[in-house]
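The block underneath contains the structure these notes are about, expressed in structure tokens.
The values are calculated or read from the model by the stated rules, or taken from the named source; none is laboratory data. This structure is a prediction, so every number in the text was calculated from the model and none was measured. Reconstructed Cβ throughout: ideal geometry from the backbone, glycine too, with neighbour counts over all protein chains shown.
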Amino acid sequence: FLQRMYDNRNQIIQQALEGIEGSFNAIIQAKAHFLAKEVMDKLEEWLQGMEARLAKLNQRLLNLRDGFSGRKPVPPMRSCVYWIWRNLRMSKKVTAGDYPRNGTPHCAKSPQESRLVRDLTACDRLLQFYRNDEAEILNALRIADQKSKPLLLLSQAVMSGRDAGFTPSLNTNTATVGGENTADLAARKLIPLLKNLVKPNGQSMTSDDIKPLGDRERHRIVFVQEMGGFSLRCIEGMAELRQSYQDWRGQMITAKRARLRGENRDLPIPVHLQKDPPFWDVFPENPQILKLVVTARALHVLKQAENRATREITIRYTRHTAVGPEDVDIAANWEEVTPVLEVLACRPDLEEIQRQVTVILKAAATPEQKQALYAHLLNYLKRREEELHKAGGRDSLEYKREAAILQEVIQAYQLLKKHPPLAPR
């Protein structure tokens, strides 16, 4: 009996294991069927998308065939992919120079009535896009004309100043294929609209108002507007930019002087791409500061010397301190002295130079002292004449400007003794 029970138990266990194994296989099989169905759905969706893309590509190739004469028909869609792939594999490595620019070589070989030529002609595309609506076409041309204007605003306050002395000029150019007397039918329809933009008030047209473009540029309608004949200081916002630059220059001067005194000071971020700027300040000099600089240079208050620490030639002046005289560097050359003294950080230097100049001029009290100071100023002008020999000497504008300033100083302080008028005979 026990043996029979033992055999039955083993049989029951074996049947249970077989049932579990069968269920496990059924689960795995069902999961595999589910995953296979999901993958097939994704694959079918991708194939449908590729079929739609290939259909569009085939249609584009068929449309492109119309623009070429004497070409073989494009293969059917089923062999189209293989045809493209075969040609790509057999083709050489193509560089940018192998492609024709703007498609003009193919366009030149195609018939004038072909779709390729029409699609590459700006006038045809414009008429087609706006369906010959004259108002819409004129509006589109006007927008293009307005976008061609220079992106500059001129300050009316500077333009109306007495020191302006110039009037900006505007140069306008409009061009299309063939110009005003074009043979292109679509361009002829646009000529009256272009004339309305070039001469909006009905002025008489000239042959240069609408310039011609060649067939290689038939894909363009050109609007160019140029403005010139004005100073850079007339641009709106230049005064604010100059003030920001002057603030940066003050920080640079302060940091350099701190370094010369032995302090550990970082220089501000440079704004120049090169050591010497290609041109100086675009704004006119302050006339009062310019007068002071010329007078201080003539009286040797401002002088050119070498900085022994930096081994550079600088323009400097000397001030007296509690520990003795101190040399203060102003600029690297004479052209920079006037704009540097306009910087707010150099206001103490400006006041000290003005004080020293005033002391020297007022110290000439006697006729002998005035005569000596007068002779000193004349010697300075003689040296300046020699220095400006290549620029014209006495006829140069810089000499005449300095001579006029020193003449005002001589008259203001009465350095030249007036001779009594001759008595009548």
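Residues ALA187, ALA183, ALA140: which one is more than 30 Å from PRO284 (Cβ to Cβ) and modelled with pLDDT of 90 or more?
Working: ALA187 fails: modelled with pLDDT of 90 or more; ALA183 fails: modelled with pLDDT of 90 or more.
Going through ALA187, ALA183, ALA140 in turn, just one is more than 30 Å from PRO284 (Cβ to Cβ) and modelled with pLDDT of 90 or more: ALA140.
Filter region 309-359 down to residues that are without any contact (Cβ under 8 Å) to a residue 24 or more places away in the chain and part of a helix (DSSP H, G or I), then give me how many there are.
6
Is it the case that LYS390 is closer than 20 Å to VAL293 by Cβ, at pLDDT below 95 and of a type in the set (Lys, Arg)? Reasoning before the result, please.
Values: closer than 20 Å to VAL293 by Cβ: no; at pLDDT below 95: yes; of a type in the set (Lys, Arg): yes.
No.
Between a first residue in region 138-167 that is without any contact (Cβ under 8 Å) to a residue 24 or more places away in the chain and of a type in the set (Asp, Glu) and a second residue that is surrounded by 14 or more Cβ atoms within 10 Å (Cβ to Cβ) and in a loop (DSSP other than H, G, I, E, B), which pairs have beta carbons less than 9 Å apart while being 6 or more apart in sequence or on different chains?
Short answer, once both residue conditions are applied: none.
GLU386 passes all but one of (1) more than 27 Å from HIS320 (Cβ to Cβ); (2) not in a helix (DSSP H, G or I); which number fails?
Checking GLU386 against (1) more than 27 Å from HIS320 (Cβ to Cβ); (2) not in a helix (DSSP H, G or I), the one that fails is (2).
Check ARG162, ARG216, ARG233 and return the single one that is basic (Lys, Arg), closer than 16 Å to CYS123 by Cβ and either in contact with a Phe, Trp or Tyr (Cβ under 8 Å, 6 or more places away or on another chain) or surrounded by fewer than 16 Cβ atoms within 10 Å (Cβ to Cβ) (or both). Break it down stepwise before answering.
On the way: ARG162 fails: closer than 16 Å to CYS123 by Cβ; ARG233 fails: closer than 16 Å to CYS123 by Cβ.
Step by step, each of ARG162, ARG216, ARG233 is checked, and only ARG216 is basic (Lys, Arg), closer than 16 Å to CYS123 by Cβ and either in contact with a Phe, Trp or Tyr (Cβ under 8 Å, 6 or more places away or on another chain) or surrounded by fewer than 16 Cβ atoms within 10 Å (Cβ to Cβ) (or both).
Hey, among LEU232, LEU213, LEU299, which residue is out of contact with any Lys or Arg (no Cβ under 9 Å at 6 or more places or on another chain) and more than 30 Å from LEU361 (Cβ to Cβ)?
LEU232
What are the residue pairs meeting all of these: first residue in region 280-308, first residue of a type in the set (Ser, Thr, Tyr), second residue in a helix (DSSP H, G or I), Cβ atoms under 6 Å, and 6 or more apart or on different chains?
Pairs found: THR295/VAL357; THR295/VAL409.
Residues are listed down the side, and each one gets a yes or a no for (1) closer than 30 Å to GLU336 by Cβ; (2) surrounded by 15 or more Cβ atoms within 10 Å (Cβ to Cβ):
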{"residue": "SER169", "(1), (2)": "no, no"}
{"residue": "ASP184", "(1), (2)": "no, yes"}
{"residue": "PRO212", "(1), (2)": "no, yes"}
{"residue": "GLY228", "(1), (2)": "yes, no"}
{"residue": "GLY237", "(1), (2)": "yes, no"}
{"residue": "ARG242", "(1), (2)": "yes, yes"}
